[in-house]
1. Using packing as a proxy for protection, rank 135-143, 123-131 so that the peptide with the highest average count of other Cβ atoms within 10 Å comes first.
2. Stokes-Einstein diffusion coefficient for segment 85-193 at 20 °C in a medium of 1.002 mPa s, Rh from the Kirkwood formula over Cα pairs: what value in µm²/s?
3. Between K149 and D179, what is the spin-label point distance in nm, taking each point 7 Å from the Cα along the Cα→C-beta axis?
Amino acid sequence: MGAQDGGAADGGSGRRRRRRRRRKPAQPGAATQPTSTDAQEPTALAQPPAKGRPSRKATGKRRKKSPAKTPGKGPVHKEVSAGGVVYRRVDDGIEVVLASRRTRRGELAWGLAKGGIEEGESHEEAAVREVQEETGLTAEIEASLGETKYFYVWEDARIRKTVHFFLMRHTGGDPADHDDEMEEIRWFPLERAMKRAAYRGEREVIGRAAELLR
């Protein structure tokens with residue numbers, strides 16, 4: 001009777017049911033075994049490293065950036081010019097002549113008369129000629145004011161220019177006869193001319209002239 005009752009409880013099969021083992025919850029920090037899906041799909045750490053350069057993190061070194069291309073970088077061409085600080089004495093002091101021309105950007109810039117040296121010319125001869133052509137004035141050289149040097153880029157070429165300047169006393173001529181490249185020829189008080197000249201190198205040259213004239 002007891003056996004029959006026990007068999008009925010087991011579904012009449014006469015076999016005892018297997019008790020399912022309950023999985024114990026994983027302890028914090030304990031390693032778990034990967035499931036079948038995890039075993040088929042390896043994680044990123046298990047993948048072989050990609051071919052090519054090692055990453056910056058792996059080497060601890062920063063990659064060098066390729067240098068940026070500089071406009072006009074290449075052979076340097078040399079140019080030599082000559083010009084002058086033309087002055088005159090008036091009742092209230094000394095005046096210096098400046099010529100204005102348009103820059104490549106279309107801006108008006110005031111500066112000293114100067115230009116290239118032609119074949120067979122000395123620096124002094126070129127300075128006298130350029131002053132007369134650009135300003136319409138004649139002048140005589142009294143002293144050297146040294147030279148200025150600077151770089152500029154023209155049509156992707158780097159130009160290293162040297163300009164020899166001279167202190168020149170005004171002797172005559174008419175500003176109306178100035179070169180067409182110049183928009184206006186004007187006399188400025190010496191101190192104002194040093195501030196009005198557009199380029200630092202020429203302002204320094206006018207400053208040297210002022211030291212000789214005082």
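Values quoted throughout were computed directly from the atomic coordinates according to the rules given, and no laboratory measurement underlies them. Quick caveat, the model's predicted, so the values are computed rather than measured. Positions of Cβ are backbone-derived with ideal geometry, glycine not excepted, and every protein chain shown enters the neighbour counts.
1. Going from most to least packed, we get 123-131, 135-143.
2. On the way: Rh = 14.8 Å.
Using the Kirkwood radius from Cα pairs, D works out to 145 µm²/s.
3. 2.4
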